[in-house]
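The structure under discussion appears below in the form of structure tokens.
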Amino acid sequence: MKKQICVEETELHTNNGRRNFLKICSVVLSSLIGIAYAVPLIRTFISPALQQTVSGSTGLLELGSISNCQVNVPMNVKIVDAKTDAWTKFPPTEIGAVWIIMNKDMKFTAFTSICPHLGCGINWDENSGKFICPCHDSIFDIEGRVLSGPSPRGMDTLETVVIDGKIFVKYQKMRLGVSDKVPA
Amino acid sequence: MKRWLEDRLGISTLFSFFMDEPVEGGAKWSYVFGSALIFVFVMQVVSGVMLATGYSASATDAWGSVYYIQHKTFSGWFVRGMHNIGSSAMIVLAVLHMAQILIYGAYRKPRELNWITGVFMLFMVFGFGLTGYLLPWDQKGFWATQVATSIMGLSPVIGEFLKEVIQGGNDYGNLTLTRFYSFHVFFLPAGLMTFMAIHIYLFRRHGVTPHWKPSKLELKKKTQPFWPDQLFKDVVVAVIVFISMVMVVWYRGGAELQSPADPSSNYLARPEWYFLFLFQLLKYFEGELEVVGAIIIPSIVAALVISLPFIDRVKSRSPFKRLPVMGCFGAVLAGVIFLTAMSVISDSGDERIVEQGEESEKMAHMAVELAEHGIPPQGGTSVFKNDPLYSGEQLLRQHCLACHNFEGSGGNSSPDLTAYNTKPWLVGFFADPNAPKYYGKTNIDIMPEYDLEEEELSDLVDFLLAQAENGENIDPELKETGEILLEENGCYNCHTFDGMGGDTAPVLENFASDKWLRGLIEDPGRKEYFGQLNTMPAFKDKLSKQEIDNLVFFLQDKRKKQLKTEF
Ligand code: HEM
Ligand code: FES
């Protein structure tokens, strides 16, 4: 019923060219707004995928400069983690320690200082040139292999990278008391 | 294919149902405001949902998350700016929309419910503005919103209860934000969309109210379909509104973000501009009467506005036949404009407020700069802990006081850092460099004692300290005296200055400058500093560059403050 009023011929109605022009203009203009607005909206939406949002415990931790290392002398470095999560920065806290060893080809090995047996802190004994866990006397050689004691596996290595003369480690805790090295 | 889809979905039937609506008397520019409101609301929904992907409704995190949206997220400032200005645009458009309806008499029978749903939507738009303003949890939102909730508390009988329900307990905190957030993104949108649907349905049912002049026949002859005649005009207005909003956002650099809410400050709160008239009205009613300005008058006006279609029963659409209504509308509008203007004028004339405005702008700047280094987990005002002064002192206490003494606390095995590198410190140093307070307990023992005349000593110290500021702009006379003194006292035997001299003691070039001090803290064992005699650990790998900068900043700030007290 209502539709009929519209279809009814009036002076203005007859001009179909004008009306088509308006239709095109409406569609074009509204699409333009849509596009103009969509760009910043989409940029905002995908922003986290293009930026680093969380850094710290999930990523690489800096241990210091390689110039401090001497060949085949294990060095104990405390792991200080200052996690940043988008806007929040957690205060740096010591979350563990690693032993770093540089071999003569300037390759680095990092062992977590946590003993695979029951989790005590492993020490380096300079006199014997061995790693010793004080809790139950597990003894490891400089490459982390078990020499004696209750430890079910060798010392756990951690991934390291050197960037711009600084050593970074991917700090991870491993399951204790089992013979395979698996992340805890 | 097209037919198949059409048979299942009925898109084009739906399309023609919505679009082929006849506009009696033809398309008109005066009908654009309603659709402009829908347009802006849709934009608010989209930008709001995008903001919600980054916003965190907790008292500790809200400010940080808005900071992150504003400064770290791509285009975040723009989206936030559009959302912020969108609320102003909605208010302006809503007022224009109402004005058009009043002039055309479109609120009269049978469209009473159109009018009433419309008024409720206006209140909801105000509600959006009010709840949104608090969300960033910055100073202005925090304090201005307190005024609003306190007013709620003034309502008779249920006031206190109502207030606690809205603000989520006895005071502002996490629950205030979670609730305001929920109102802002669930309750109000759901309410507004429902009312919008009813409003549009009613509009379609009753059709547009045409201009009062043309006769029925003329109107019928001029009738046009909504699509494209009216819609084209609507789109043009949408483009204008959109571009204006973009321009304002661009010009203002997005929405303001003040420093984090600080409940211990005494901030003078001002609400968003469209609430200023209510705020000003409050000022004329004091003490017991406050409830009159805060609640009674606004409620009466609101009630009158809602019941307008029942009060005004004149048949004619012409505004000239409805002069009392036009007069009242004019009076209310003039009143609102007057109150708003009064509020702006009295604020801009009040020195205290102008000053506070500048102060809070500075704080806002500082907060944002400090947030650059990350916000401590306590959130909010704790960003000020990133202040180099604050952090510098913490670092000094953490890393230096095992050996050094500072203002009465710490170790005694290294030079005292109290008033380090100030005139009194240096004067004492020249008198007895090997005293326990200076290098007495270190390996450094090669600096001789000097028994200079008072004036010479003073010149020497001034000359040395002048290196800290701007060695180049030093008073030529002082420079000459200083260089002679270095020469006469044999300083060049061990120290270098201007490229000459020995290297067994610290360089005097830029002595006590930021750079000098930074270098020393980074690696005191370098031959420019203590060389082989050094016992202080190098900090370049222990502290970040930023941390060393903060330490330097703290020490230098102490030194400069001392300098000021000397004059
Ligand atoms: C479904 C619709 C909406 C959603 C999901 C939404 C979401 C949000 C969010 C997450 C914020 C906090 C971010 C920030 O403060 O920058 C916010 C703030 C705000 N919203 Fe909305 N919003 C919606 C609709 C509206 C509407 C219709 C209005 C106005 C009529 C409005 C006015 C405001 C205001 C004034 C702010 C404060 C902006 C500022 O100062 O930063 N919002 N909104
Ligand atoms: S924990 Fe190391 S040996 Fe038992």
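The values are calculated or read from the model by the stated rules, or taken from the named source; none is laboratory data. Just so it is clear, the model here is predicted, and its values are computed rather than measured. When we count neighbours, we look across all protein chains shown, and the Cβ atoms used for this are built from the backbone with ideal geometry, even at glycine. The area values use the complete protein model at the heavy-atom level, side chains included, leaving out ligands, DNA and RNA. Shrake-Rupley method; radii C 1.70, N 1.55, O 1.52, S 1.80 Å.
Okay, here's what the table says:
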quantity	calculated
Among A:50, A:147, A:158, residue whose mean-square fluctuation peaks in a GNM of chain A (springs only between Cα atoms under 10 Å)	A:50
Relative contact order %, chain B, counting alpha carbon pairs below 8 Å whose residues are six or more apart	15
Tilt relative to chain B, helix B:188-206 - C-alpha long axis, 0 to 90 degrees, to 10	30
Calculated FRET efficiency for the pair residue B:7/residue A:18, C-beta based, R₀ 35 Å, to 0.05	0.60
Chain B - charge dipole about Cα centre, Lys and Arg +1 at Cβ, Asp and Glu -1, debye rounded to 20	6300
Residue B:259 - accessible surface, heavy atoms, 1.4 Å probe, Å² rounded to 10	10
Residue A:72-residue B:492 FRET efficiency (beta carbon distance; Förster radius 35 Å; 0.05 resolution)	0.20
Exposed GluC sites (Glu not before Pro) absent - longest run of chain A, DSSP non-H/G/I/E/B, at most 10 other C-beta within 10 Å	A:12-125
Between helix B:76-104 and chain B: long-axis angle, C-alpha atoms, 0 to 90°, nearest 10	30
Cα gyration tensor, the range B:438-567 - rounded (a/c under 1.5), prolate or oblate	oblate
³J(HN,Hα), Karplus 6.51/-1.76/1.60, whole Hz, each residue of the range B:256-264, x for Gly, Pro	6, 10, 7, 5, x, 3, 10, x, 8
Probe 1.4 Å, all protein chains present, accessible-area order of B:178, B:442, B:422, largest first	B:178, B:442, B:422
Solvent-accessible area of residue B:559 with every protein chain in place, 1.4 Å probe, in Å² to the nearest 10	10
Gyration tensor verdict on the range A:54-169 (Cα atoms; rounded if a/c is under 1.5, prolate if a/b is larger than b/c, oblate otherwise)	oblate
Under 5 Å, built H, 5+ apart or other chain: amide partners of residue B:526	B:531
Pairwise centroid distance, computed over Cα atoms, of the range B:22-85 with the range B:162-219, Å	16
Estimated buried accessible area (total), pair B and A, 1.4 Å, Å² to nearest 100	3700
As computed over the protein assembly as shown, the Cα convex hull volume per residue (Å³)	284
Above-threshold pairs, the threshold being 25 Å between Cα atoms, out of B:385/B:441; A:104/A:170; B:28/B:221	B:385/B:441
Average beta-carbon neighbours from other chains, 10 Å sphere, peptide B:367-377	3
Helix-derived mean residue ellipticity, 222 nm - over the protein assembly as shown, DSSP H n ≥ 4, -39500 (n - 2.57), to 500	-16500 deg cm²/dmol
Phi to ³J(HN,Hα) by Karplus 6.51 cos²θ - 1.76 cosθ + 1.60 over the range B:486-499, Hz, x for Gly, Pro	4, 4, 4, 8, x, 4, 5, 4, 10, 9, 9, 9, 6, x
Residues whose placed amide H lies under 5 Å from that of residue B:25, excluding near-sequence neighbours	B:222, B:223, B:224
Solvent-accessible area of residue B:409 with every protein chain in place, 1.4 Å probe, in Å² to the nearest 10	50
Dipole magnitude of the protein assembly as shown, debye to nearest 20 (Cβ charges: Lys/Arg +1, Asp/Glu -1, about Cα centre)	6840
Lys, Arg +1 and Asp, Glu -1 on Cβ, resulting dipole of the range A:54-169 about Cα centre, debye, nearest 20	60
Residue mean of other protein chain beta carbons inside 10 Å, A:33-41	5
Full-extension gain in nm, residue B:454 to residue B:96, via 0.36 nm per residue minus C-alpha separation	120.9 nm
Label-point separation, residue A:55 to residue A:127 (7 Å along Cα→Cβ), nm	4.5
Whether the range B:168-225 is rounded, prolate or oblate, judged on the alpha carbon gyration tensor where a/c under 1.5 counts as rounded	prolate
Average partner coverage of B:224-230, which counts Cβ from other chains inside 10 Å	5
Estimated inter-spin distance, residue B:14 and residue B:432, nm [label 7 Å along Cα→Cβ]	9.3
Helix axis angle, A:16-50 relative to chain A longest principal axis, alpha carbon, degrees	10
Neighbour-limited loop hits for GluC sites (Glu not before Pro), the range B:279-359 (at most 11 other Cβ within 10 Å; DSSP other than H, G, I, E, B)	B:286
Spatial separation of Cα centroids for the range B:489-522 and the range B:330-348, in angstrom	66
Accessible surface, the range B:24-366, averaged per residue in Å² (probe 1.4 Å)	48
